[in-house]
Amino acid sequence: MKRIIIIASLIISFNVYAAGDPVPNIFTAGESIVASEFNANFQELANRIDNLQTNNSSLLQFVGNSSGTIDGISGVRAMTELCQVTHPISRICTTEEYTKTINFPAAISSSTSAWISPSLVVGGGNGINNHVVPAADVYSGKQYSLTSSGVRDFNCSGWSSSGASFGLSVNGVGGFAESSCQNAIAVSCCK
C-alpha cells in the first residue's frame with residue numbers, strides 16, 4: 001500500500017508541476033513521505049480547483065483597450081492583432097465578456113471609445129405586416145430598428161464594410177454606443 005501511495009504522489013506531483021506552478025512539496029523516489037506534506041499538496045490542488053470555479057475562468061475578462069486605433073472595416077484578425085500588441089494573448093471582447101468582467105483594469109478615460117463585438121442579437125428584420133422588429137444585443141441593451149436603407153449594423157457588416165454601417169463600441173465607463181465604421185478607435189481586449 002505504501003508503494004502505491006508513493007507512486008501516486010510522484011505521478012500527481014509530476015503532472016501538477018508539468019501543468020503549471022508546482023505544488024508545495026515534490027517527492028523523489030526512495031524518499032519517505034510525511035503525511036502533512038502529502039496532505040498539503042492535496043490541499044493546494046483543492047484550493048486551485050475552488051479558485052477556478054469561483055473565477056469562472058471559462059469566460060474571458062476585459063484587460064483594457066488597445067493602445068492603437070483601427071477602423072471598423074479592417075476585420076477581426078486585424079483587431080485581434082492590435083489587441084495583442086498591448087495585451088499579449090488577447091482578442092476583441094464580446095459584450096458578454098465585458099459585462100461579466102470581475103476585476104476591471106485601471107480607469108480608462110470616459111471619452112475613450114473602443115470596438116466591442118456583440119454577443120447575442122435577438123430580433124431584427126420585418127415582423128408580420130411589415131411591422132419593425134427591433135434587433136437588440138442582450139448584454140449591452142442597445143437596440144436597432146430598420147432604417148430606410150436597411151438594418152443598422154452591430155458589427156460594421158461583419159467588420160468588413162464602411163458603407164452606411166455602424167459598429168458597437170464601449171467607452172471608459174462602460175457605456176455602449178454605435179460608432180461609424182469609418183472611425184479609427186481603440187479595440188476592447190479580453191483574455
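Read the figures in this text as sums done on the coordinates, not as results from a lab. Computed from a predicted structure; not experimentally measured. Glycine also receives a Cβ, built like all others from the backbone with ideal geometry; neighbour counts cover every protein chain displayed.
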Going through region 87-115 in order, the residues found to be surrounded by 14 or more Cβ atoms within 10 Å (Cβ to Cβ) and more than 15 Å from the chain's Cα centre (by Cα) are I108, T112, S113
Residues of region 173-191 being surrounded by 15 or more Cβ atoms within 10 Å (Cβ to Cβ) and closer than 16 Å to S110 by Cα, in sequence order, are F176, E178, S179, I185, A186, V187, S188
